[in-house]
Amino acid sequence: MQDKLSALVAKATAELPTLKSRPEFEAAKARYVGPNGELTALMKQMGGIPKEQKPIVGKLVNEAKLRLTAQLDAALARIAADELAAQLGPAIDPTLPSPDTGPGTYHPLTLVREEMCRILRKVGFTVADGPEVETEYYCFDALNTPADHPARDEKDTFYFPTSARFGNVSKKTPEEKYLLRTHTSSVQIREMLKGPPPIRIVSPGRVYRRDTTDATHSANFHQLECLYVDKNVTVRDLKALLDYIFVSLLGKDTKTRFRPHYFGYTEPSFEVDLTATHLPKVKKPWIEIGGCGMVDPTVFEAVGYDSEVWSGYAFGMGLERLAMLLYGIDDIRYFYQNDLRFLKQFA
Ligand code: DAH
């Protein structure tokens, strides 16, 4: 038995360093330690070994197994390193001047974001920014989204451990947790807490959700939020602004429609669909583009505004969805892969 084990280890020591690819590695692994492998076959012979020798032989078998596993690990690590080196290509000298690749281009999301901000600035909105690391108060509580609301579920939201500290993001209460904001609506609260109305802000930015990536979902995407607070603001104003924005961005044939919906922070609330079948590649007659509504009095109370005096509207929408419509992009993953063949199409 001892001889057989030594022979097996010796064979592996000679063979494993010569393996060149993952398939070769997998085949060798199966031959040595797989269910039908040589080591497994030897282990099966343990049954025939006299009882008093079993502890010694068992120890030898274990040692052989450890050595084989270590050699297999080393072989796999070497193959992975070779693969990486092959991907990286020959070493480059970063001190050499780079070849002339021509001028750069803006990312399509940057283009849509800037265009939307330009459209909104024209009618009096200013750009506001908020932190991507948020607290439960700004992201949920102040937006009338109670603790048991599904949007706050651990399954949907990236929470930080309670021990996490972010000195530059202030908490409202000591108990609340930090999280990655799930929507840009948190900026509404931060802006309203800065001072009294009127308020007219647009806030584009990155948001995070525990979504599995596919052609239309990404755990990290971008939204654009608007908030308008003044006296006598009505749903008509909201609808007119959305019509103006989408006609400006997508062309005069673009139309919007509201469908009743529920959001804790607006009442009434709507989902916004738009129709833009004049755009290339747009087939569906109506496409859902965002949510909106009239700011709920509870939200005004949370920020100390008198809801008898002030009224307002708010809306939020996904920037990726807009860019996909505008440019006829059919897979959200293109935005994040930094493939120059994709990026160079946007001037
Ligand atoms: N926060 C919502 C979302 O992420 C979108 C939204 C709905 C924003 C209604 C609003 C609003 O400002 O009033 O799905």
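Picking from 247, 272, which residue would you name as being without any contact (Cβ under 8 Å) to a residue 40 or more places away in the chain, in contact with a Ser or Thr (Cβ under 7 Å, 6 or more places away or on another chain) and either assigned to a helix (DSSP H, G or I) or closer than 27 Å to residue 336 by Cβ (or both)?
247
Working carefully through the options 202, 235, find the one that is open to solvent by less than 30 Å² (accessible area, probe 1.4 Å) and either of a type in the set (Asp, Glu) or modelled with pLDDT of 95 or more (or both). Give the derivation first.
Details: 235 fails: open to solvent by less than 30 Å² (accessible area, probe 1.4 Å).
Unique residue meeting the criteria: 202.
Can you run down the residue pairs with Cβ atoms below 9 Å, 6 or more apart or on separate chains, where the first is in region 310-321 and more than 19 Å from residue 114 (Cβ to Cβ) and the partner is polar (S, T, N, Q) and more than 8 Å from the ligand (Cβ to nearest atom)?
311/232; 311/234; 313/234
Please find, within region 53-70, the residue that is nearest to residue 41 (Cα to Cα) out of those that are under 50 Å from the mean Cα position of the chain (by Cα) and β-branched (Val, Ile, Thr).
Step by step, filter region 53-70, then rank; the result is 61.
Here's a check for you: in region 317-347, which residue that is hydrophobic (A, V, I, L, M, F, W, C) and outside any helix (DSSP H, G or I) is surrounded by the most Cβ atoms within 10 Å (Cβ to Cβ)?
So the residue we want is 317.
Here are 225, 115, 136, 176: which of them is over 16 Å from the mean Cα position of the chain (by Cα), within 12 Å of the ligand (Cβ to nearest atom) and among the charged types (D, E, K, R)? Break it down stepwise before answering.
On the way: 115 fails: within 12 Å of the ligand (Cβ to nearest atom); 136 fails: within 12 Å of the ligand (Cβ to nearest atom); 176 fails: within 12 Å of the ligand (Cβ to nearest atom).
Step by step, each of 225, 115, 136, 176 is checked, and only 225 is over 16 Å from the mean Cα position of the chain (by Cα), within 12 Å of the ligand (Cβ to nearest atom) and among the charged types (D, E, K, R).
How many of the residues in region 122-148 are without any contact (Cβ under 8 Å) to a residue 24 or more places away in the chain and aliphatic (A, V, I, L, M)?
Count: 1.
Residues being in a helix (DSSP H, G or I) and open to solvent by less than 60 Å² (accessible area, probe 1.4 Å): count how many of those fall in region 134-185.
Qualifying residue count, region 134-185: 8.
The values are calculated or read from the model by the stated rules, or taken from the named source; none is laboratory data. Computed from a predicted model, the values in this text were never measured in an experiment. Virtual Cβ from ideal backbone geometry, glycine too; neighbours counted across all protein chains shown. Side chains are part of the model used for accessible areas, which takes the heavy atoms of the whole protein and leaves out ligands, DNA and RNA. Shrake-Rupley method; radii C 1.70, N 1.55, O 1.52, S 1.80 Å.
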